1. Which of the residues that make up the range 110-136 are within 15 Å of the chain's Cα centre (by Cα), at pLDDT 95 or above and β-branched (Val, Ile, Thr)?
2. Examine the range 212-219 for a residue that is at pLDDT 95 or above and basic (Lys, Arg), and state whether such a residue exists.
3. Which ones in the range 223-264 are among the aliphatic types (A, V, I, L, M), out of contact with any strand residue (DSSP E or B) (no Cβ under 8 Å at 6 or more places or on another chain) and surrounded by fewer than 18 Cβ atoms within 10 Å (Cβ to Cβ)?
4. Taking the range 86-95 on its own, how many of its residues are farther than 22 Å from LEU120 by Cβ and either among the acidic types (Asp, Glu) or without any contact (Cβ under 8 Å) to a residue 40 or more places away in the chain (or both)?
5. Working carefully through the options ASP198, ASP165, find the one that is in a loop (DSSP other than H, G, I, E, B), without any contact (Cβ under 8 Å) to a residue 60 or more places away in the chain and not aliphatic (A, V, I, L, M).
6. Check VAL89, VAL147, VAL168 and return the single one that is loosely packed, with under 13 Cβ neighbours inside 10 Å and under 25 Å from SER66 (Cα atoms).
7. For the range 146-159, indicate whether the set of residues that are in contact (Cβ under 8 Å) with a residue 12 or more places away in the chain and hydroxyl-bearing (Ser, Thr, Tyr) is non-empty.
8. From the list TYR162, TYR178, which residue is modelled with pLDDT of 95 or more and crowded, with 19+ Cβ neighbours inside 10 Å?
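The values are calculated or read from the model by the stated rules, or taken from the named source; none is laboratory data. Here the structure is a predicted model, which means the values were calculated and not measured. Every residue, glycine among them, receives a Cβ derived from its backbone with ideal geometry; neighbour counts consider all protein chains shown.
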Amino acid sequence: MSNYRWQPEEYERSSSQQKKWGLELMDKLRLRGDERILDIGCGDGYLTALLATRVPRGEVVGVDVSPEMVQHATRRFPSERHPNLRFLVMDACSLSFNEEFDLVFSNAALHWVPDHRSVLRGIRDCLKRGGKLLAQMAGRGNAGQVVAALGRVITRPEWARYFRDLQVPYRFFSDGQYRELVLESGLHPLRVELVKKDMVHRGREGIAGWIRSTWLPFTERVPGELREEFIRAVVEEYLAEFPPDRDGLVHVEAIRLEVEAERP
């Protein structure tokens with residue numbers, strides 16, 4: 001994840017679904033208002049700042065491996081206006097906290113991380129006794145039809161040369177697999193389940209913006225001058241099978257893995 005150059009402004013424009021689901025996830029929290037919260041994969045900082053408003057007597061720390069995202073979040077939500085909020089550049093596999101947080105929150109981020117054993121051990125260590133984890137990430141089968149369309153495009157002669165030795169960083173776990181990882185880490189799983197979601201984009205430009213801003217392991221392999229042509233090819237391949245509905249909206253079947261756990 002750290003090898004990709006994220007574009008915070010583009011992500012901000014194209015991440016309405018991730019934010020919508022993040023708000024739904026946040027609403028499952030039962031907060032007193034004085035908790036210390038760690039947000040892993042804070043991205044542009046939007047949800048992290050909302051979390052901070054919900055704990056006016058507490059503190060929220062947002063961490064992200066992308067310096068570009070952290071710089072953007074720090075500029076957009078400065079400490080003068082948000083005194084209980086701060087952002088740090090930090091790898092989720094190398095969390096450097098010790099029993100500091102009541103809650104760890106993460107939305108639409110952890111599927112980027114290759115080593116979940118390290119992440120979960122770090123989460124266990126940074127939680128106080130009785131502290132909770134609430135996370136949502138892409139799960140097994142997520143955006144399967146888009147992945148299939150992408151697979152067909154990258155085998156075409158004009159694109160195949162850029163995808164030799166491709167190693168996809170996403171980790172899409174099943175609920176059973178992830179429950180075992182949670183148990184191995186020393187956390188107690190309260191709920192681990194796959195949830196189907198309807199991801200909605202506004203026409204061709206909407207789905208193109210999503211691919212442009214988040215499918216970096218693929219788009220960044222293509223030379224800059226050809227990147228928009230490649231994105232269009234993927235969009236058209238997908239829409240040939242799943243065209244926009246009567247309102248011009250494009251639907252993608254997303255599968256999210258939701259995880260609630262506790263440190264004993």
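1. Result: VAL119, single match.
2. No; the residues of the range 212-219 include none that is at pLDDT 95 or above and basic (Lys, Arg).
3. At the first step, the residues of the range 223-264 found to be among the aliphatic types (A, V, I, L, M) are 226, 231, 233-235, 239-240, 249-250, 252, 254-255, 257, 259, 261.
Restricting the remaining residues to those that are out of contact with any strand residue (DSSP E or B) (no Cβ under 8 Å at 6 or more places or on another chain) gives 226, 231, 233-235, 240.
Of everything in the range 223-264, those that are among the aliphatic types (A, V, I, L, M), out of contact with any strand residue (DSSP E or B) (no Cβ under 8 Å at 6 or more places or on another chain) and surrounded by fewer than 18 Cβ atoms within 10 Å (Cβ to Cβ) turn out to be LEU226, ALA240.
4. Summing the residues that are farther than 22 Å from LEU120 by Cβ and either among the acidic types (Asp, Glu) or without any contact (Cβ under 8 Å) to a residue 40 or more places away in the chain (or both) in the range 86-95 gives 1.
5. Values: ASP198 fails: in a loop (DSSP other than H, G, I, E, B).
Being in a loop (DSSP other than H, G, I, E, B), without any contact (Cβ under 8 Å) to a residue 60 or more places away in the chain and not aliphatic (A, V, I, L, M) holds for just one of ASP198, ASP165, which is ASP165.
6. Working: VAL89 fails: loosely packed, with under 13 Cβ neighbours inside 10 Å; VAL147 fails: loosely packed, with under 13 Cβ neighbours inside 10 Å.
Only one candidate qualifies: VAL168.
7. No.
8. TYR178
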